[in-house]
There are 2 protein chains.
Amino acid sequence: MNERKQHVLNAAKRLFLENGFANTSIQNILDEAGISKGTFYNYFNSKNECLISIIEESVEIAAVRRDEIAADGQDGPELLVEQILVRLQMNREQKLIRLYEAILHSGDHELRDYMKSVHLSELAWLEQRLSEVYGEQIRPYAADAALMQFGMLGQYLQFAPDITSSEELSKRIRFVIRRTEALLRDMTENDEHLLEAGKFDIRADSPPLPSPVRVAEEILRLADTLPPESRDSGLEFAGFLSAELEEEKPRSGLLKTVAVPFRKLFDGRPNEPEARTVMSALWRILKSSDL
Amino acid sequence: MNERKQHVLNAAKRLFLENGFANTSIQNILDEAGISKGTFYNYFNSKNECLISIIEESVEIAAVRRDEIAADGQDGPELLVEQILVRLQMNREQKLIRLYEAILHSGDHELRDYMKSVHLSELAWLEQRLSEVYGEQIRPYAADAALMQFGMLGQYLQFAPDITSSEELSKRIRFVIRRTEALLRDMTENDEHLLEAGKFDIRADSPPLPSPVRVAEEILRLADTLPPESRDSGLEFAGFLSAELEEEKPRSGLLKTVAVPFRKLFDGRPNEPEARTVMSALWRILKSSDL
DNA sequence: AACTATTTTATACCGGTAGTCCAACCTTTT
DNA sequence: AAAAGGTTGGACTACCGGTATAAAATAGTT
């Protein structure tokens, strides 16, 4: 990921959020980013692909944040609220969600398929989390509950798009989660469900798990790029993380605890996106070995 | 409403449903309808306006059908299922709903506002119906229940867009309605709600109620256009309807019963849309006097 | 420092889009 | 028959996403 490319992405994102996807021409992006058309098409094969990159980035940010806040603290409905809040805050002022939808209904098949997979993976995540939070006995109803919760929340957001405070957001999320609990009780009592468990899983096209050794290398390389003031602690963290990663049975609790502050060292630095990508790989490894 | 204009609308609708809104150019519509560009822009100020007309028509069709099936039979959850089914079948094979969404996210403010009002009026209708079906005591929670039901159902439809049989549709609707009942019980028990009653009402910009006298005239005029084979019964119906309409206190039960077969005389006839519009006005009068 | 390879720039160009404009045409009213 | 007004076809504009390309700038290698 070129730094210049990141600059273009940021410019495009700014414009998309401000004026909408359809109302932003490539020329606008070129002007905003101060680049020429040729460069743009060096980075992206199309305007759509540029949009996909933006969404991919925000999905990654949300995933890492969710894993990080799960790393400290007990699991339960309150954590679920926080994790859902992450996605909503990601769509700053509900505008990113418009991009999602713009893509969904843009007649472009490739884009639609991509967004569908994003949607599905969000539902799969939610189904899994509901099972974790409310116990294995509700698993047969988790898929339906996830789908309905997603729909309810979507309505509460679309209906009041003027939410700035995360207080207001939390309030709605909590309300919807309590309703979801009622739905789970109701479905359990009557043993009614429409979807089978695991309905949303689409592991087929998910990328292969990165190798721990490879990730360990990347972490060390990243630490090398830190500025003097954070370099020392960064190297400490990185040394521990990479050593632990190459162990036979990594102590995942420790890894999770250390991973969070290490990643945060890169906040605001030019390679923040790269650091996030590497740590995202780390979290995937950790979660797969937890099972 | 010109007959030629209706012809253009039908052509556009066909193309939109088949290829999507974005993938249908005005030239396509011109070719399909066999008209010229000048004519098209005589009827509509833009492609968007053409789409709005199509949606307006389908909204009207759905409203009349809902009122008509309510006219015979007892009220209750089963009727509600049928009425909801009307809207879903209207969006034939889930494709019209894409038009809705295409409009919602098209960056065009005017279109968005229009669709928002359609959305709101659907929610207002649902809130009202829930109160009717489940009793006045749930009215404080009806707005929330309507919003959540709408969201849940939307997910179940979007998620399985390959539904052709209305059996399958009914099954999902019934499932969602049972969940809505659980939500209503839950909210009632805990006395929790986020929205106040009547939240979705937007009477401000709804057109003024048509005068009964005027509608009576239109009904007589319509009957005159019927072909010989249905002319006699049409005139009988029309005579009764218009006479009753001009009474001090119209017998609304009778009116409803007679209105249905009268409107159906125009099915398949060129002025079917016009007849529907007139009868739509009649239903609005009847419902307002029922209160 | 010189040479090479790659990236970036600027611009012309393509086919397609929504929408404008207008002179010619047709139909209805007078 | 004449006037009026809606209808027609098509030329036209401005813009879009995307392609092509030659010149300029930059980076990497020796």
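The values are calculated or read from the model by the stated rules, or taken from the named source; none is laboratory data. Note that the structure is a prediction, hence the values are computed from the model and not measured. Heads up, the Cβs are rebuilt from the backbone with ideal geometry, glycines too, and the neighbour counts pull from every protein chain shown.
At-a-glance table
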{"item": "Criterion: among the polar types (S, T, N, Q) and within 9 Å of DNA strand D (Cβ to nearest atom) - qualifying residue of B:2, B:23, B:19", "result": "B:2"}
{"item": "Which numbered condition residue A:220 misses (of (1) in a loop (DSSP other than H, G, I, E, B); (2) assigned by TED's automatic domain parsing to the domain that holds residue A:264)", "result": "(1)"}
{"item": "Some residue of the range B:221-231 being crowded, with 16+ Cβ neighbours inside 10 Å and closer than 18 Å to residue B:64 by Cα", "result": "yes"}
{"item": "Qualifying residue in the range A:50-61 (condition: buried (at least 18 other Cβ atoms within 10 Å of the Cβ), in contact (Cβ under 8 Å) with a residue 24 or more places away in the chain, within 13 Å of DNA strand D (Cβ to nearest atom) and within 14 Å of another protein chain (Cβ to nearest Cβ))", "result": "yes"}
{"item": "Residue within the range B:203-214 that is among the hydrophobic types (A, V, I, L, M, F, W, C), assigned to a helix (DSSP H, G or I) and surrounded by 18 or more Cβ atoms within 10 Å (Cβ to Cβ) present", "result": "no"}
{"item": "Residues that are within 14 Å of another protein chain (Cβ to nearest Cβ) and either in contact with a helix residue (DSSP H, G or I) (Cβ under 8 Å, 6 or more places away or on another chain) or away from DNA strand C (no atom under 11 Å from the Cβ) (or both), drawn from the range B:24-40", "result": "B:24, B:28"}
{"item": "Number of the condition not met by residue B:241 [criteria: (1) over 21 Å from the mean Cα position of the chain (by Cα); (2) surrounded by fewer than 17 Cβ atoms within 10 Å (Cβ to Cβ); (3) in contact (Cβ under 8 Å) with a residue 24 or more places away in the chain]", "result": "(2)"}
{"item": "Count of the range A:1-21 residues which are outside any helix (DSSP H, G or I) and either touching a Pro at 6+ places or on another chain (Cβ under 6 Å) or away from chain B (no Cβ under 14 Å) (or both)", "result": "2"}
{"item": "Some residue of the range A:77-97 being out of contact with any Cys (no Cβ under 8 Å at 6 or more places or on another chain), within 14 Å of chain B (Cβ to nearest Cβ) and within 16 Å of DNA strand C (Cβ to nearest atom)", "result": "no"}
{"item": "Set B:184, B:169, B:123: member being surrounded by 18 or more Cβ atoms within 10 Å (Cβ to Cβ) and within 9 Å of chain A (Cβ to nearest Cβ)", "result": "B:123"}
